[in-house]
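Before any comments, here is the structure.
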Amino acid sequence: MSGCGCDPAVFDGQSRAYRRALMAVIAINAAMFLVEGVSGFAAGSQALKADALDFAGDAATYAISLAVIGMAVTIRASASLIKALSLGVLALAIVASSIARLFSDGTPQAEIMGLVGLLALAANLVSVLILLRWKDGDSNVRSVWLCSRNDSIGNVAVMGAGGLVALTGSVWPDLLVAFALAGLFLRSGAAIAVQALGELRDPRNAGTGAPQ
């Protein structure tokens with residue numbers, strides 16, 4: 001009823017279609033982690049390795065999202081905080097490995113970066129289309145959408161870095177994209193954490209043990 005002053009219901013993932021969508025996206029991310037991880041080492045690319053780690057992190061966090069669907073708000077929000085923390089840890093790992101790469105020799109193989117980046121972009125666009133219906137919701141649902149969106153942005157950046165590496169013969173485009181991805185992960189982790197903390201602090205959710 002309009003004008004009643006009631007808060008609109010926030011989608012919490014309790015939908016059979018949403019569960020199926022999550023399972024499909026988990027499978028896509030797990031497969032691309034293997035493909036991009038092997039390719040990252042073969043190409044000597046920090047950007048590909050960073051994106052592969054993102055695929056692995058997403059597959060794990062999506063599995064958490066799937067597991068907590070239907071649980072109490074406080075449990076779902078706590079799971080979101082874990083996911084936000086994992087994004088922060090992932091960002092720091094990327095920064096550390098990229099700094100270490102500065103002291104090694106060799107230029108990434110631009111051809112592999114471009115081809116694998118294109119494949120990863122296609123996989124992530126499919127994931128985004130699968131999840132598009134559920135881009136808004138509680139912190140648990142919202143975190144899934146943000147991770148999928150980040151992946152697509154990251155893949156475009158990896159492809160761009162591959163082109164710049166080919167043009168310049170320099171490692172710097174690869175490293176700069178890796179650093180940029182780390183910053184994107186930190187920003188998304190902060191956004192997820194803010195929403196999750198808001199849900200935990202909401203007095204309507206305090207002491208509730210039943211799903212909301």
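The values are calculated or read from the model by the stated rules, or taken from the named source; none is laboratory data. These numbers were taken from a predicted model, which means no experiment stands behind them. No Cβ is skipped: glycine too gets one built from the backbone with ideal geometry, and neighbour counts run over all protein chains shown.
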- Query: Within the stretch 89-105, is even one residue in contact with a helix residue (DSSP H, G or I) (Cβ under 9 Å, 6 or more places away or on another chain), within 13 Å of Glu36 (Cβ to Cβ) and of a type in the set (D, E, K, R)?
  - Reply: no
- Scan the stretch 190-202 and give yes if some residue there is under 21 Å from Gly57 (Cβ atoms), assigned to a helix (DSSP H, G or I) and charged (D, E, K, R), otherwise no. no
- In the stretch 92-103, is there at least one residue being touching a Gly at 6+ places or on another chain (Cβ under 7 Å), under 22 Å from Ala166 (Cα atoms) and of a type in the set (Val, Ile, Thr)? no
- Note on the structure: A careful count of residues in the stretch 8-26 that are part of a helix (DSSP H, G or I), of a type outside the set (A, V, I, L, M, F, W, C), touching a residue at least 24 places away in the same chain (Cβ under 8 Å) and surrounded by fewer than 17 Cβ atoms within 10 Å (Cβ to Cβ) gives 1
- Task: Check whether at least one residue in the stretch 137-149 is in contact with a Lys or Arg (Cβ under 6 Å, 6 or more places away or on another chain), small (Gly, Ala, Ser) and at pLDDT below 80, and report yes or no.
- Result: yes
